[in-house]
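*Asks:* Sharing a structure below in structure tokens format, with a few things to ask.
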Amino acid sequence: MKNTRIVFILIILAFSVLFLSASVINIPEDQPTIQSGINVAVEGDTVLVQPGTYYENINYNGLDIVVASLFYTTQNNSYIEQTIINGSQNGSVVTFENGETSSALIVGFTITNGSGKIMPNAVHCGGGIFCHEDSDPTIMNCIVTQNNAGDGGGIFCYLHSDPTIIDVVISYNSTYDDGGGIHCNWGSNPILENVTIIGNSCMDKGAGICCGHNEHTTDLTLTNVLICDNTSGEKGSAIYMVDSSSYFNHVTICNNVSNGGYYGAIYCEDANININNSIIWNNQSSGFNFYNGGYANVTYSDTQDYFVGEGNIMQNPLFIDSVNGNYHLQETSPCIDAGDPSTSLDPDGTITDMGTYYFQQGELLNADFEGTPTSGEFPLEVQFTDLSTGNITGYMWDFNNDGFIDSNQQNPLFTFQQVGVYSIALTITNGTMEDTVIKLNYITVTDTTSIINPLEQTQIKLFQNYPNPFNPSTTISFLLTNNTSNKELIIYNLKGQKVHEYSLLNNQSSIIWNGTDNLDKPVASGIYLYRLVCNNILIETKKMLLIK
């Protein structure tokens, strides 16, 4: 899917800027359950969950925190299936109902076996995830599967709740009423990007998504979304919409079935949809059914029903194997390079394709490298050699996997000046596409000449600066021992450049930084890192924010 890693990194970086002094609560090391971790968390904390199956039903209780599997720290997709929250048919698996904002993240879980929260009308809602009362969480890189409820088997959004749903699979959920995959109602406006909604079912309306169904306008925004193989008892085998104004871009809606027989994949009542760069094909009876003023504005799309609109076609899209769920395009598909030429190009630099998945034209990029040596005493000089393939025009090396670029050379020579274990990331680009490889704990730098006693090292502390954010000055406090030498506090900018260095005395407990560099010149607003180093050993790093 397009730009998935970039979107993920931008969201995580934005979240980290908001909460510079956050703590990590490890499950089950620090707390035995995910909910107990949430209960001791404060705004901005991260509850980091080890692989395993957790039989519980969690509630964020209004906290803007991150609850995540190890996918969050490694971007290793295998942790999503290995880290399971099982609701045991005891209500919604995950609940947001106290005004959580988009800074409340759930990342990298399989969410399953939920039965929904009982609403005042006695209907169970939100088998997998329940969003209620102005709650706007961010749901990322999750699998929401095999949950059931009355409404919203996978996800339920109610009373002005606007979740952002990115890189999520919503599969094989069911309801005895509406919205097998997602149900959004009463002014809730979810945003979906890079989402797959497959194999869901409902007894009534909207097997994939049920949107609206009352006097409060509810809107959908879908980008790079696949809705296929869903089954409804009545209207809208893929999507049921009432009182809605929605936008679909790069959406594939195929092979959905309505047992009612004639209501179409998209049922549109008193609602309008703008559809661009999409494929609507091979749904039972028809692609659309309009009622009471509903209409669709369709452009640059491949539809099974004829639509007047610029760039539309009505041809078999030639999926690779739709019977077995592969909705990528064959090389001869008429949808390749047939999308809206005024929109962004595909990652391969060609005119955008119709549908959820673009067809890769030309050579793929594959990032790889090696370093020599990978261990030794500081200062350790390492020669990195690029082993990547593809038509590469740019290199971005990150020598401690902190998200900041340290070199743009193809084969850089880098010297590690401090003791530690370093993860290395290389991103390559051809101008339109990128690929990244991360080698965790790849470089080990040791020091046999200057050693801090392990007990003594635990007594050395670096504290969060105060105030933070600050202007014009802030106090950085620390705790030292009398037996350490070469004690330094070093301030860096986000480019990794040293801004200010302080040599510390044994009896010293704090310094005041007034936002200047070593030449006493004012520095710009932004995030700065400060590190405590003793005997050339990095003790701790923290962040602070200067605002002018």
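Where a number appears in this text, it was derived from the coordinates with a stated rule and is not lab data. Remember, predicted model here, so these are calculated numbers, not experimental data. Cβ sites come from the backbone with ideal geometry, for glycine too, and all protein chains shown count toward neighbours.
*Asks:* Order these by the 10 Å Cβ neighbour count, fewest first: Ile336, Ile143, Ile106, Ile227. Present the calculation step by step, with values, prior to reporting the outcome.
*Replies:* On the way: Ile336 22, Ile143 19, Ile106 27, Ile227 33.
With the fewest neighbours first, Ile336, Ile143, Ile106, Ile227 line up as Ile143, Ile336, Ile106, Ile227.
*Asks:* How big is the equivalent ellipsoid of the range 4-329 along its three axes, where each semi-axis is √(5λ) from the Cα gyration tensor, reported in whole Å from largest to smallest?
*Replies:* Numbers: eigenvalues 220, 80, 62 Å².
Square roots of five times the eigenvalues give 33, 20, 18 Å.
*Asks:* Counting alpha carbon pairs within less than 8 Å and at least 6 residues apart, what relative contact order, in whole percent, applies to the range 305-438? Spell out each step's value before the answer.
*Replies:* Working: 252 pairs, mean separation 24.5, N = 134.
In percent, rounded to a whole number, it is 18.
*Asks:* Taking the Cα centre as origin and putting +1 on Lys and Arg beta-carbons and -1 on Asp and Glu beta-carbons, what dipole magnitude results for the chain, to the nearest 20 debye? Could the numbers behind the result be given before it?
*Replies:* Details: 15 positive and 54 negative charges, 255 e Å.
That gives a dipole near 1220 debye.
*Asks:* So what is the relative contact order of the chain, in percent, for Cα pairs below 8 Å that sit 6 or more residues apart? Could you put the intermediate results ahead of the total?
*Replies:* Working: 1677 pairs, mean separation 32.0, N = 548.
Relative contact order here is 6 percent.
*Asks:* While we're here: Ordered by residue, what ³J(HN,Hα) values in Hz, to whole numbers, does the range 433-441 give under the Karplus form 6.51 cos²θ - 1.76 cosθ + 1.60, where θ = phi - 60° and Gly and Pro are x?
*Replies:* Those phi angles translate into 10, 9, 9, 10, 10, 10, 10, 6, 6 Hz.
*Asks:* Farthest toward the dipole's positive end in the chain, which of Val67, Asn535, Gly394, given Cβ charges of +1 (Lys, Arg) and -1 (Asp, Glu) about the Cα centre?
*Replies:* So the residue we want is Asn535.
*Asks:* How large is log10 I(q)/I(0) at q = 0.23 Å⁻¹ when the Debye formula is applied to the Cα atoms of the range 369-446, each weighted equally and without solvent?
*Replies:* Log10 of I(q)/I(0), two decimals: -1.04.
*Asks:* To the nearest 0.05, how large is the calculated FRET efficiency for Thr101 and Glu331 if R₀ is 56 Å and r is the Cβ-Cβ distance?
*Replies:* Numbers: r = 45 Å, r/R0 = 0.79.
E between Thr101 and Glu331, to the nearest 0.05, is 0.80.
*Asks:* Give, in nm to one decimal, the length gained when the segment between Asn366 and Asp321 is fully stretched (0.36 nm per residue of separation minus the Cα-Cα distance).
*Replies:* Details: separation 45, 0.36 × 45 = 16.20 nm, distance 2.56 nm.
Extending this stretch completely gives an extra 13.6 nm.
*Asks:* Which percentage, to the nearest 5, of the DSSP beta bridges contained in the range 4-329 is antiparallel? Show your work: numbers first, answer last.
*Replies:* Details: 4 of 106 bridges.
Of those bridges, close to 5 percent are antiparallel.
*Asks:* When you count, for each residue, the other Cβ atoms within 10 Å and take the mean per peptide, how do 36-46, 131-141 rank with the highest first? Display every interim value, and only then the final one.
*Replies:* Values: 36-46: 18.1, 131-141: 23.3.
In decreasing order of mean packing, 36-46, 131-141 become 131-141, 36-46.
*Asks:* When a/c reaches 1.5 or more, the comparison of a/b and b/c decides; with that in mind, is the range 68-162 rounded, prolate or oblate per its Cα gyration tensor?
*Replies:* Numbers: a/c = 2.88, a/b = 1.40, b/c = 2.06.
It is oblate, given that a/c is not under 1.5 and a/b is not larger than b/c.
*Asks:* Right, next: So, by mean Cβ neighbours within 10 angstrom, what's the order for 121-127, 150-156, 409-415, 429-435 with the highest one leading?
*Replies:* Final packing ranking: 150-156, 121-127, 429-435, 409-415.
*Asks:* When you count, for each residue, the other Cβ atoms within 10 Å and take the mean per peptide, how do 303-310, 202-209 rank with the highest first? Don't jump to the answer; show the numbers that get you there.
*Replies:* On the way: 303-310: 15.2, 202-209: 29.9.
Top of the packing list down: 202-209, 303-310.
*Asks:* Which entry in (1) -0.29, -0.56, -1.25; (2) -0.19, -0.37, -1.42; (3) -0.25, -0.48, -1.27 matches log10 I(q)/I(0) by the Debye sum over Cα atoms at q = 0.05, 0.07, 0.13 Å⁻¹ derived from the coordinates of this structure?
*Replies:* Answer label, from the structure shown: (3).
*Asks:* Further, regarding this structure: Binning every alpha carbon pair distance of the range 454-546 at 10 Å from zero, what are the percents per bin?
*Replies:* Going from the shortest bin to the longest, the percentages are 16, 53, 27, 4.
*Asks:* On C-alpha positions alone, give me the angle between the axis of helix 4-18 and the longest principal axis of the chain, in degrees, nearest 10.
*Replies:* Once rounded, the angle reads 60 degrees.
*Asks:* Right, here's the next one. Which listed residue (Thr95, His250, Gly339) has the Cα farthest towards the positive end of the charge dipole for the chain, taking +1 on Lys and Arg C-beta and -1 on Asp and Glu C-beta about the Cα centre?
*Replies:* Of the candidates, Thr95 comes out farthest on the positive side.
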